[in-house]
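Down below is the structure, laid out as structure tokens.
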Amino acid sequence: MSEPDTFEDDLLYAMSRTGEAFRSERAGLAAGGLDLGRRRWRRRSAAAVVSGAAALALVGTGAFYLSGATGGSPVAAPAEAAAAPATSGAGAAPLTATPAATAAATKAAAPAAPVTDKEMLAAFQALLPKGEVTEAKGEGTEKSTTPYAQLVFDDGQGKSLMSVSVQKFYKGQEQQRSCPTDLRLANLDSCSVTTLPDGSTLMLSQGYEYPDHRATTKEWWATVSRPDGGQVSFNEWNAAQEKGAPDSRPNPPITLEQAKAIVTDKVWDRAVAAVRYNGIDPAVEDPGVTPDEKQAILAGLLPAGFAVQSRTTHLVTDMYQLTGPDGAKGSISVRLANWSRPFDDPQTQQSMDRGRASQLKDATVLPDGTKVVVNEPGSGSNPKFPYTRAAELHPDGTYIEVDATEGKDLLTLDQLKAIAASPKWQVRK
């Protein structure tokens, strides 16, 4: 991780290295960093959650079957559902927002009505053209921060696995989406990113399950990132499984225009309103100091002969590439955060508290109440921590941490401590 060409990996590691608090931030980074819109990790995580649980499959006019974990014969839930054929399109129950749910979604303090497993599946199926649906399952907003629906669809031309998922990100978590300059190098047949009239960003792409083409299975996907933080993603394959199944048709059945209609449909508004945010709110820890201001402070604290060559910023952490007086190169990360404000979500607060307590486990407390932590590789409460670090938490909630992430001998531990101890690091909000 300490090679020059892994600068971004260093930044990601610096964000996520210690405690549960930073694992939450990593989740936001990982989600936001998938520029090509691939959401395989979500589907696999969701599949692991529902493995062995009851799967819901819509039939006909909204009745459903319950399929047991042992894989036995399906049992019709409502008696009238027994003879209903499995089809999509007309007759499927849409996920319409009730007036009460709509009103709740407009109030920041009042959560929207939850969306059930069955409703997620019904909403998805209602948006599909006519066809046979099998192996259907879904997960609602109460169980996951990534509610989803997945099924195998057959329009008479061959089976296709397809899925839709919903997430919600805080402002600042989602990275800008872009297509690769050379589609051939990325093994994509097509890719486009457009801004919709409502300010949403829509990404449409046609690619392959295996970029190296060791199998011919195609994967097409659509993702819309909305101004309200909601993100709706749709994926489909020209096979009945994502991997390990022969192609059942030349192409997936849903065109890109149809995929766009699926992810931009208003039916998902209620799910976006009800789903919990994925990750933590960056605004809570925002110190109110701009990246340029932080860089100016750092430049004034570096020893003579050192210079900042470049900077990468994410949330409250900045990574700087440095050169020393003898031309040696290295990098450090500087995290300036406000730890005095609480998080809205109690679970997030508990997770952050545990992570912070773990990080400050070996702290020395100064007479004014400031907690100071220093670590060298292999020391302290985290023996696997690979970097030299100096951190301070002040009574007013100002948290400053300086890590030597590359070229660990470029700055000594005492020099890092001096940078972290400077009174110039102060939060403004």
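The values are calculated or read from the model by the stated rules, or taken from the named source; none is laboratory data. Given the structure is predicted, the values throughout are model-derived calculations rather than measurements. Note that we place each Cβ from the backbone using ideal geometry, even for glycine, and neighbour counts take in every protein chain shown. Heads up: the accessible areas ignore ligands, DNA and RNA and are worked out on the full protein's heavy atoms, side chains in. Shrake-Rupley method; radii C 1.70, N 1.55, O 1.52, S 1.80 Å.
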Task: Label-reachable residues, region 337-381, where backbone N falls under 16 Å from a point 7 Å from residue 283's Cα toward its Cβ - done: 338, 341-345
Open item on the list: Going Cα to Cα from residue 294, which lysines come in below 30 Å? Please leave out same-chain ones fewer than 8 positions away.
Closed with: 168, 171, 329, 361, 371, 384, 408, 417, 424, 429
Open item on the list: For region 108-238, what does the relative contact order come out to in percent, with C-alpha contacts under 8 Å and a separation of six or more?
Closed with: 18 percent
- [ ] List every residue whose amide H lies under 5 Å from the amide H of residue 280, counting only residues 5 or more places away in sequence or on a different chain, with H placed 1.01 Å from N in the peptide plane.
- [x] 28
TODO: Along Cα→Cβ, 7 Å out, is where each label goes; now give me the distance between the ones at residue 344 and residue 243 in nm to one decimal.
DONE: 3.7 nm
Task: In Å², nearest 10: area of residue 387 left accessible to a 1.4 Å probe - done: 10 Å²
Open item on the list: For a quick check of understanding: with a 1.4 angstrom probe and all protein chains in place, what accessible area in square angstrom does residue 257 have, to the nearest ten?
Closed with: 130 Å²
Task: Cα-centred dipole magnitude for region 235-297, charges only on beta-carbon of K, R (+1) and D, E (-1), debye, nearest 20 - done: 340 debye
Task: From phi via Karplus (6.51, -1.76, 1.60), per-residue ³J(HN,Hα) for region 346-361 in Hz, x at Gly/Pro - done: x, 5, 5, 4, 4, 5, 5, 4, 5, x, 5, 4, 5, 5, 9, 4
- [ ] Could you state how much accessible area residue 226 has, in square angstrom rounded to the nearest 10, with a 1.4 Å probe and all protein chains kept in place?
- [x] 50 Å²
